[in-house]
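The structure under discussion appears below in the form of structure tokens.
The values are calculated or read from the model by the stated rules, or taken from the named source; none is laboratory data. Not measured: the values here are computed from a predicted model. Glycine gets a Cβ as well: all are built from the backbone with ideal geometry, and neighbour counts include every protein chain shown.
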């Protein structure tokens with residue numbers, strides 16, 4: 001494995017009275033696509049914002065390290081962080097319809113970031129912006145560059161967002177639910193585009209999604225989050241077909257089967273009983289109140305993620321009774 | 001079609017559409033004024049101290065006041081159709097000349113007041129929004145509440161007491177130093193000095209309105225997704241604030257500014273009287289006292305024109321600020 005581009009160690013995000021992300025550790029290597037999946041409220045978007053150091057007002061990083069290209073971003077001052085954002089570390093968001101400024105042309109919004117980080121002249125930046133629009137396959141970029149966002153479709157706007165994000169050749173691109181607001185055919189196009197750019201620009205891609213079908217096709221590695229904790233991690237094949245954690249099993253049972261020859265009529269979708277809110281104030285495993293396999297050991301302490309087989313981690317005391325005891329001891 | 005031609009067409013069309021409005025305003029004003037007791041002849045007679053029935057009748061006949069109301073309206077409208085605003089017996093000159101003489105003074109006051117209101121209001125509102133809930137926000141909130149609720153004429157008088165009488169920094173009234181013989185830059189500066197207090201008085205209420213509106217608008221825009229995008233690009237807080245937040249937040253403020261032109265003109269009546277400013281507001285006030293209805297109707301007609309023109313300008317400004325609004 002190559003040297004990780006991004007290594008997150010024990011990241012904890014705190015609101016005044018809650019810890020929506022707890023002791024999260026993961027890494028992304030250059031050229032790798034890592035997907036974080038989980039339901040709403042599992043802390044995946046907050047994690048992404050924490051990496052950008054763009055947490056909303058009341059939230060802050062209470063402990064942990066974010067090593068990005070060998071430097072801990074947690075220690076960065078705001079001006080230093082501004083030099084990283086949009087340049088070496090970029091992010092695209094869920095809502096392409098509202099993520100672009102309605103009163104500026106898309107060209108102006110791409111030129112913005114180019115002139116800020118690349119020190120280009122106005123003309124050079126404009127020429128580069130046209131190249132970028134071409135790169136993200138916006139048809140007729142010469143004409144499109146002077147269009148305002150409201151003249152573009154959702155898929156086109158997300159392409160413009162991607163153009164802005166990759167404008168300065170970032171080492172890592174964080175895509176927070178990039179296709180959730182788009183219809184299915186556009187989804188595949190956008191994900192193809194992101195995958196192609198990752199390959200061509202050799203950047204790491206951190207894909208945040210709640211769509212498991214996206215994961216199987218595009219990710220090199222999957223991290224399953226529940227209530228701010230990593231519950232399972234592995235390659236998509238293992239996670240999607242041989243998951244070990246009861247939450248991942250539940251998540252899969254709750255998604256429509258997409259395999260060849262299967263149909264949504266083959267069987268009812270199963271739900272995971274209860275809601276993520278039950279994790280609030282839980283002492284042991286956050287999934288215990290909803291878990292069909294819950295055992296007394298689960299109340300002791302948040303279970304650490306342990307290697308169940310090479311490249312496959314799971315955090316469940318029932319799976320690894322011995323290790324869980326060791327962790328408590 | 002080029003955008004300049006489209007704008008011109010829109011202006012012409014809106015202008016034509018305004019004609020019925022203006023006509024309705026004239027007729028309504030005409031009847032409203034008829035409701036007031038007394039007429040110009042009564043005032044003239046009262047001022048002269050003594051008048052016989054006979055001389056009153058002659059005066060009324062000369063001024064056309066003995067005709068039935070509808071005939072008077074007809075006469076006024078036919079005058080208007082020929083481009084004349086009538087004649088003022090008091091000032092012994094055509095109303096149009098009288099108004100044109102006063103108009104520049106009022107327009108200057110108006111622009112300066114709106115300028116103060118816009119710049120100070122938007123600045124204060126932005127400061128409030130950026131410090132929402134903290135002490136600068138609360139302090140300015142109290143200040144705007146005061147400006148909101150205190151009547152303009154009282155503030156005007158207090159400003160005169162403070163700046164003219166106690167401190168002696170600024171003149172207490174008039175449009176320029178009488179018989180000063182200033183020319184060039186000195187004259188401009190002298191006029192500006194005379195304008196500061198009345199313009200400020202006129203603008204205080206609107207500063208409060210814009211400050212509160214800007215505060216709300218900035219706070220709303222700051223929550224938008226595209227602001228997060230701008231931050232994710234690595235832009236500084238200042239650039240995000242100006243280029244991305246304020247421009248979007250200005251939209252509701254400009255809408256209101258257009259509607260306020262009428263209100264500012266109304267306020268000008270009081271302020272021009274307090275500061276003895278030789279503008280349209282005071283002319284209107286004097287015209288009411290003297291029942292000089294030709295003058296008053298002329299001022300009201302012109303005011304409605306100003307409001308209509310201002311609103312057309314605001315439409316254009318908005319189309320320029322927000323590309324989603326098309327000039328049609």
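Values for this structure:
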{"read-out": "Residue match in the stretch B:24-36 (condition: at pLDDT below 80 and part of a loop (DSSP other than H, G, I, E, B))", "value": "yes"}
{"read-out": "Some residue of the stretch A:104-119 being within 10 Å of chain B (Cβ to nearest Cβ) and part of a loop (DSSP other than H, G, I, E, B)", "value": "yes"}
{"read-out": "So residue A:46, is it closer than 18 Å to residue A:6 by Cα, within 14 Å of chain B (Cβ to nearest Cβ) and in contact with a helix residue (DSSP H, G or I) (Cβ under 6 Å, 6 or more places away or on another chain)", "value": "no"}
{"read-out": "Test: residue in the stretch A:82-102 that is under 20 Å from the mean Cα position of the chain (by Cα) and away from chain B (no Cβ under 11 Å)", "value": "no"}
{"read-out": "Every residue from the stretch B:49-61 that is exposed (fewer than 10 other Cβ atoms within 10 Å of the Cβ) and part of a helix (DSSP H, G or I)", "value": "B:53, B:54"}
{"read-out": "Among the residues listed as B:159, B:103, the single one being assigned by TED's automatic domain parsing to the domain that holds residue B:198, surrounded by 14 or more Cβ atoms within 10 Å (Cβ to Cβ), without any contact (Cβ under 8 Å) to a residue 60 or more places away in the chain and within 26 Å of residue B:278 (Cβ to Cβ)", "value": "B:159"}
{"read-out": "Within the stretch B:231-253, considering residues that are within 7 Å of another protein chain (Cβ to nearest Cβ) and part of a helix (DSSP H, G or I), the one farthest from residue B:133 (Cα to Cα)", "value": "B:232"}
{"read-out": "Boolean, residue B:321 is within 14 Å of chain A (Cβ to nearest Cβ) and touching a helix residue (DSSP H, G or I) at 6+ places or on another chain (Cβ under 7 Å)", "value": "yes"}
{"read-out": "Test: residue in the stretch A:92-101 that is within 25 Å of residue A:230 (Cα to Cα) and modelled with pLDDT of 90 or more", "value": "yes"}
{"read-out": "Candidate set: the stretch B:181-230, residues that are out of contact with any helix residue (DSSP H, G or I) (no Cβ under 6 Å at 6 or more places or on another chain) and within 14 Å of chain A (Cβ to nearest Cβ); chosen: the one nearest to residue B:157 (Cα to Cα)", "value": "B:220"}
{"read-out": "Test for residue B:273: is it assigned to a helix (DSSP H, G or I), more than 14 Å from chain A (Cβ to nearest Cβ) and over 11 Å from the mean Cα position of the chain (by Cα)", "value": "yes"}
{"read-out": "Filter result for the condition that a residue is over 23 Å from residue B:267 (Cα atoms) and assigned by TED's automatic domain parsing to the domain that holds residue B:202, over B:126, B:144", "value": "B:126"}
{"read-out": "Residue, surrounded by the most Cβ atoms within 10 Å (Cβ to Cβ), within the stretch A:207-228, restricted to residues that are more than 14 Å from the chain's Cα centre (by Cα) and farther than 18 Å from residue A:196 by Cα", "value": "A:227"}
{"read-out": "Residue within the stretch B:256-270 that is within 14 Å of another protein chain (Cβ to nearest Cβ) and under 30 Å from residue B:322 (Cβ atoms) present", "value": "no"}
{"read-out": "Filter result for residue B:234 (surrounded by 23 or more Cβ atoms within 10 Å (Cβ to Cβ) and without any contact (Cβ under 8 Å) to a residue 60 or more places away in the chain)", "value": "yes"}
{"read-out": "Which numbered condition residue A:62 misses (of (1) without any contact (Cβ under 8 Å) to a residue 40 or more places away in the chain; (2) out of contact with any helix residue (DSSP H, G or I) (no Cβ under 8 Å at 6 or more places or on another chain); (3) more than 10 Å from chain B (Cβ to nearest Cβ))", "value": "(1)"}
{"read-out": "Unmet requirement for residue A:70, which otherwise passes all of (1) at negative phi; (2) without any contact (Cβ under 8 Å) to a residue 60 or more places away in the chain; (3) more than 8 Å from chain B (Cβ to nearest Cβ)", "value": "(1)"}
{"read-out": "Selection within the stretch A:130-159 - within 13 Å of another protein chain (Cβ to nearest Cβ) and under 18 Å from residue A:195 (Cβ atoms)", "value": "A:158"}
{"read-out": "Selection within the stretch A:46-82 - part of a loop (DSSP other than H, G, I, E, B) and under 15 Å from residue A:14 (Cβ atoms)", "value": "A:53, A:55, A:56, A:57, A:58, A:59"}
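The rows are residues; the columns are (1) crowded, with 18+ Cβ neighbours inside 10 Å; (2) touching a helix residue (DSSP H, G or I) at 6+ places or on another chain (Cβ under 8 Å); (3) at pLDDT 85 or above.
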site: B:247; (1), (2), (3): no, yes, yes
site: B:262; (1), (2), (3): no, yes, no
site: B:265; (1), (2), (3): yes, yes, no
site: B:272; (1), (2), (3): yes, yes, yes
site: B:284; (1), (2), (3): yes, yes, yes
site: B:289; (1), (2), (3): no, yes, no
site: B:292; (1), (2), (3): yes, yes, no
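Rundown of residues vs (1) farther than 24 Å from residue B:221 by Cα; (2) surrounded by fewer than 16 Cβ atoms within 10 Å (Cβ to Cβ), yes/no style:
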{"position": "B:88", "(1), (2)": "yes, no"}
{"position": "B:97", "(1), (2)": "yes, yes"}
{"position": "B:113", "(1), (2)": "yes, no"}
{"position": "B:119", "(1), (2)": "no, yes"}
